[in-house]
Amino acid sequence: PHSIKLVRQADPDKPTNCYQHAFEIDYIVTRKVSELALPDMHLGSKFVSGFLIPKLTEITQQQAKNVDYIIYFDAKSVTHAGIITDNRVNSKWGEGHIYEHKPEEVPADYGLEAKFYTKIPGELATKTFVEYVKLDGNYGAVLDYLHDWLPSYF
């Protein structure tokens, strides 16, 4: 038995992942960056662990309140993220559906460790992603492309 509930089905016209969902990172920014199809320049665990987590404040599960984050780890690698909602988690599984579940009710490949963090504004998370993209060695070649689409971030 489990208490997993479907919250919303995935939108095939607007593919997102758990990090975009949890951290409310601007869809247009991530879509334009993903269109470039450059290695490591995407919204994934490398970005979350190396750039976003350092901007977050870790808290205990008891301190976590609605809209705070839960981030899952397998060994030291970030694997998944969700939003705390009434002592449960609201999370997007891969590019699939959004579910509400208990913190421990996630697929086994998301790992056995979970940590809790206070929420930051989605705009700050988006700007942090843009900073990450700008550090990529290929950034110079795509600056004009990104600036035309995303002038407020570049």
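The values are calculated or read from the model by the stated rules, or taken from the named source; none is laboratory data. What you are looking at is a predicted structure, and each value in this text was computed from that prediction instead of being measured. Glycine gets a Cβ as well: all are built from the backbone with ideal geometry, and neighbour counts include every protein chain shown. What goes into the accessible areas is simple: the full protein's heavy atoms, side chains included, and nothing from ligands, DNA or RNA. Shrake-Rupley method; radii C 1.70, N 1.55, O 1.52, S 1.80 Å.
Key figures for this structure:
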| read-out | value |
| --- | --- |
| The range 77-87: number of residues that are over 21 Å from residue 11 (Cα atoms) and touching a residue at least 24 places away in the same chain (Cβ under 8 Å) | 4 |
| All positions within the range 71-82 that are under 25 Å from residue 28 (Cα atoms) and open to solvent by less than 30 Å² (accessible area, probe 1.4 Å) | 71, 78, 80, 81, 82 |
| Residue satisfying all of: in the range 9-23; surrounded by 12 or more Cβ atoms within 10 Å (Cβ to Cβ) and not hydroxyl-bearing (Ser, Thr, Tyr); farthest from residue 97 (Cα to Cα) among these | 23 |
| Every pair of residues 6+ apart whose Cβ atoms lie under 7 Å, when the first sits in the range 55-66 and is closer than 10 Å to residue 84 by Cβ and assigned to a loop (DSSP other than H, G, I, E, B) while the second is open to solvent by less than 80 Å² (accessible area, probe 1.4 Å) and polar (S, T, N, Q) | 66/85 |
| Residue satisfying all of: in the range 58-70; open to solvent by less than 10 Å² (accessible area, probe 1.4 Å) and not aliphatic (A, V, I, L, M); nearest to residue 17 (Cα to Cα) among these | 69 |
| Restricting the range 30-54 to residues that are assigned to a loop (DSSP other than H, G, I, E, B) and at pLDDT below 85, the residue that is nearest to the chain's Cα centre (by Cα) | 42 |
| Candidate set from the range 96-110 (those that are free of Cβ contacts under 8 Å to residues at least 60 places away in the same chain and not β-branched (Val, Ile, Thr)); member that is surrounded by the most Cβ atoms within 10 Å (Cβ to Cβ) | 110 |
| Positions within the range 107-130 being assigned to a loop (DSSP other than H, G, I, E, B) and modelled with pLDDT under 95, in sequence order | 107, 111, 112 |
| Cβ pairs under 7 Å, 6+ apart, first in the range 40-51 and more than 14 Å from residue 74 (Cβ to Cβ), second small (Gly, Ala, Ser) and surrounded by fewer than 16 Cβ atoms within 10 Å (Cβ to Cβ) | 42/34 |
